[in-house]
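Quick one: the structure is below, and I'll ask about it shortly.
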Amino acid sequence: MTKDIDTKDIYKNLSQLGKDTKAPANPEEAELDRVPNPRPNSDYFVRFTCPEFTSLCPVTGQPDFAHMVIDYVPDEYLVESKSLKLFMQSFRNHAAFHEDCTVGIGERLAQELKPKYLRIGGYWYPRGGIPIDVFFQTGLAPENVWIPDQGVPTYRGRG
């Protein structure tokens, strides 16, 4: 049975959905909105894919590109997707190493959503001839939830 949720009350508390919202200048300024899980008595899997993630190299200032895959099993809350998109976009002019971006996103989502399980795969495109893949997860997934492969192959160059 679906939990009764008054959507008018939910939307009142959201800072971005349905509003003219500018992209935050950096991840620290970005707000992540959450909404009540409409199926709190069921364990299920949610995936967000960001195939055009961009940040800046903290040494050279050159752009870095990644394919990010965020997977989680919600508990009480879901992340509101517009706020997640704006949060991810806030890294566009943010200078940080691949590991800092990937793990920082995972830690922030885990802190704000308190999911039963969360993992993020950061599949970074090569710089200097070396691709860097970074993975973060909060623990083990619930046994009764199907967790599919992230579906992003390792970098193979032109081959």
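We did not get these values from a lab; they are worked out from the coordinates using the rules stated. All figures in this text were calculated on a predicted structure; none of them were measured in a lab. Neighbour counts run over all protein chains shown; Cβ positions are idealised from the backbone, glycine included.
Between the helical axis of 98-113 and the dominant principal axis of the chain, each derived from Cα atoms, what acute angle in degrees is found, rounded to the nearest 10?
10
Grab the other residues whose beta carbon is less than 13 angstrom from that of Gln89, score K and R as +1, D and E as -1, and report the net.
+1
Sort Asp100, Asp71 so the one with the fewest other Cβ atoms within 10 Å of its own Cβ comes first.
Fewest to most other Cβ atoms nearby, the residues stand as Asp100, Asp71.
Can I ask one more? So if I place +1 on the C-beta of Lys and Arg and -1 on the C-beta of Asp and Glu, and nothing else carries charge, what would the dipole magnitude of the range 36-137 be about its Cα centre? I want it in debye, nearest 20.
Here the size comes out at about 200 debye.
Would you mind ranking Phe136, Phe45 by Cβ crowding within 10 Å, fewest neighbours first?
Final ranking by Cβ density, sparse to dense: Phe45, Phe136.
Once Lys and Arg get +1 and Asp and Glu get -1 on their Cβ, which of Ala30, Ala110, Phe53 lies farthest toward the positive end of the dipole of the range 23-151?
Phe53
For Arg47 paired with Glu112, estimate the spin-label separation in nm (one decimal), with each label point 7 Å from Cα along the Cα-to-Cβ line.
Modelled inter-label distance: 2.3 nm.
Let me ask something additional. From the convex hull of the Cα coordinates of the range 36-137, what is the mean projected area in square nanometres?
Quarter of the Cα hull surface area: 6.0 nm².
Okay, helix-only estimate at 222 nm for the chain: each DSSP H run of n ≥ 4 adds -39500 (n - 2.57), divide by all residues, round to 500 deg cm²/dmol; what do you get?
Calculated at 222 nm, the ellipticity per residue is -6000 deg cm²/dmol.
So for the chain, if I pair up every lysine 8 or more residues apart or on another chain, how many of those pairs have alpha-carbons under 22 Å apart?
Lysine pair count for the chain: 17.
Using a Gaussian network model of the chain whose springs link C-alpha atoms within less than 10 Å, name the residue from Ile105, Ile132, Ile70 with the highest mean-square fluctuation.
The residue with the greatest mean-square fluctuation here is Ile132.
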